[in-house]
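Values quoted throughout were computed directly from the atomic coordinates according to the rules given, and no laboratory measurement underlies them. In this text the structure is predicted, and so the values were computed from the model without any measurement. For neighbour counting, all protein chains shown are included, and Cβ atoms are generated from backbone atoms with ideal geometry for every residue, glycine included.
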Ligand code: UD1
């Protein structure tokens, strides 16, 4: 099969035989993105240094003849250049990075290297090898603590820590490349992503993976505050679909920044009630005081992603949590 996809205003076209490079392919979002691209018939080259990603996340992909894995550090000198020269990809989906906000604060140098310097390596390799498009994993952390909800891409960006700052700096760097060279750039601002292959046993884990761990182990969970705080929780399969669309659909604009979110604001108490239905015998949650400095509510406006990428989240929280528990090998009667 050799379907040609017209690349909008640019003259070059991509085919399913021209690979898409996914950095951070063995990670949580990267492995789901790889699965999605392969299921659509694309060739994929996955890159990961396996520092936090796990080869086990790529189980099925590793058996797919349209997939190739390269163990490499994306931020390393010349690595992305070598990769782009060798594979001549149609697009790069750049997901490798330091994923934890807390870890970024604890190790600013590592945050800079992985969340900004690596972006420069990707952008420069894309430019010098004539890659048509770069999709970048940005974050709702670029907005900082904003009170006006839902947050649209027009909302001023005021990142509060080093993680959000480097994500925003990477967006700007890529936009500079797009305005200077023949390169399209899509920056996707992910909201609270959850799903299988996300680790729940680290202090940096997001609340849903912690809850899966706590409910399934029988250790119980802790709720900080009264549980009325809310987030825009989006399932990783939806995020993977957004990534695939961002890499392949024709674009009207040379650069695009788009929220990847559901537009639904769901409280921690709602999350707890879904878990409560799935684990009726679980101990009651422990209650602790709210974490200092934390935002109370977060919710994104999904309109831009819908208009420009044709993306809409499909998975409800209830479906997403059931799917997650089904894929965690957990017995619900526990
Ligand atoms: C995320 C980041 C956080 C960052 C913030 C702003 C992660 C894991 N969290 O936080 O570091 O400052 O974005 O960009 O990267 N909660 C519980 N019990 C738990 C865990 C969490 O009640 O065991 C609560 C939290 O207090 C919070 C909510 O659940 O109110 C969601 O927490 P989390 O998943 O960490 O996401 P964010 O707060 O959005």
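In angstroms, what radius of gyration and Dmax does region 25-102 have, counting Cα atoms only?
Computed over the Cα atoms of region 25-102, radius of gyration and Dmax are 12.1, 38 Å.
What does a probe at residue 269 reach in region 220-238, counting residues whose amide N is under 11 Å from the point 7 Å along Cα→Cβ?
Residues 226-229 qualify, since their backbone N sits under 11 Å from the label point.
When the Kirkwood hydrodynamic radius is evaluated over all pairs of different C-alpha atoms of the chain, what value in angstrom, to one decimal, is obtained? Mind showing how you got there, number by number?
Details: mean 1/r = 0.0494 Å⁻¹.
Hydrodynamic radius (Kirkwood, Cα only) of the chain equals 20.2 Å.
Write down, largest first, the equivalent ellipsoid semi-axes of region 172-237 in whole Å, where each equals the square root of 5 times an eigenvalue of the alpha-carbon gyration tensor.
Semi-axes from the Cα gyration tensor: 36, 14, 10 Å.
Relative to the longest principal axis of the chain, what angle (0 to 90°, nearest 10) does the C-alpha long axis of helix 268-278 take?
Approximately 80 degrees, to the nearest ten.
Angle check, please: helix 162-180 long axis (alpha carbons) against the longest principal axis of the chain (alpha carbons), in degrees 0 to 90, nearest 10.
Orientation of helix 162-180: about 20 degrees from the principal axis.
Return the single residue from 180, 267, 230 with maximal mean-square fluctuation; model: Gaussian network over the chain, springs between Cα atoms under 10 Å.
Ranking 180, 267, 230 by mean-square fluctuation puts 180 first.
Restricting to DSSP H runs of at least four residues, report the calculated mean residue ellipticity at 222 nm for the chain, -39500 (n - 2.57) per run over all residues, nearest 500 deg cm²/dmol.
When only DSSP H runs of four or more count, the value is -10500 deg cm²/dmol.
How high is the FRET efficiency from residue 63 to residue 228, r the C-beta distance, R0 51 Å, rounded to 0.05? Mind showing how you got there, number by number?
On the way: r = 45 Å, r/R0 = 0.89.
Efficiency at R0 = 51 Å is approximately 0.65.
At 7 Å along Cα-to-Cβ for each site, give me the label-to-label distance between residue 172 and residue 204 in nm.
My value for the distance between the label points is 2.4 nm.
For the pair residue 284 and residue 145, how long in nm is the line joining their label points, each one 7 Å along Cα→Cβ?
So the two model labels end up 3.1 nm from each other.
Gap in Å between the Cα centre of region 116-145 and the Cα centre of region 224-288?
Spelled out, the Cα-based centre of one part sits 23 Å from the other.
At a threshold of 8 angstrom on Cα-Cα distance, excluding pairs fewer than six apart, so keeping six or more, what relative contact order does the chain reach in percent? Spell out each step's value before the answer.
Values: 678 pairs, mean separation 57.2, N = 334.
Relative contact order of the chain: 17 percent.
Taking 1 over the mean of 1/r across every pair of different Cα atoms in region 223-263, what Kirkwood radius in Å do you get? Write down the numbers at each step before the final one.
Values: mean 1/r = 0.0787 Å⁻¹.
Mean inverse Cα-Cα distance, inverted, gives 12.7 Å.
Once you've got the GNM for the chain with C-alpha springs shorter than 10 Å, pick whichever of 299, 187, 129 has the biggest mean-square fluctuation.
129
Once the piece of chain linking residue 160 and residue 180 is laid out straight, how much longer is it, given 0.36 nm per residue of separation minus the C-alpha distance between them? Mind dumping the intermediate values first?
Values: separation 20, 0.36 × 20 = 7.20 nm, distance 2.90 nm.
Gain on stretching residue 160 to residue 180: 4.3 nm.
How long, wide and thick is region 65-189, going by the Cα atoms along their three principal axes, in whole angstroms, largest first?
Dimensions of region 65-189 along the principal axes of its Cα atoms: 46, 30, 29 Å.
Using the C-alpha gyration tensor of region 285-332, what are the square roots of 5 times its eigenvalues, in whole angstrom, with the largest one first?
Values for region 285-332, descending: 28, 23, 7 Å.
Using only Cα atoms and rounding to the nearest 10 degrees, what angle (0 to 90) does helix 317-326 make with the longest principal axis of the chain?
That works out to roughly 90 degrees.
How do 94, 323, 308 rank when sorted from fewest to most other Cβ atoms within 10 Å of their own Cβ? List each step's numbers first, then the result.
Details: 94 28, 323 16, 308 19.
Least to most surrounded, the residues fall as 323, 308, 94.
Compute the normalised compactness of region 219-334: alpha-carbon radius of gyration over 2.2 N^0.38 Å, N being the residue count.
Numbers: Rg = 17.1 Å, N = 116, 2.2 N^0.38 = 13.4 Å.
Taking the Cα Rg and dividing by 2.2 N^0.38 Å, one obtains 1.27.
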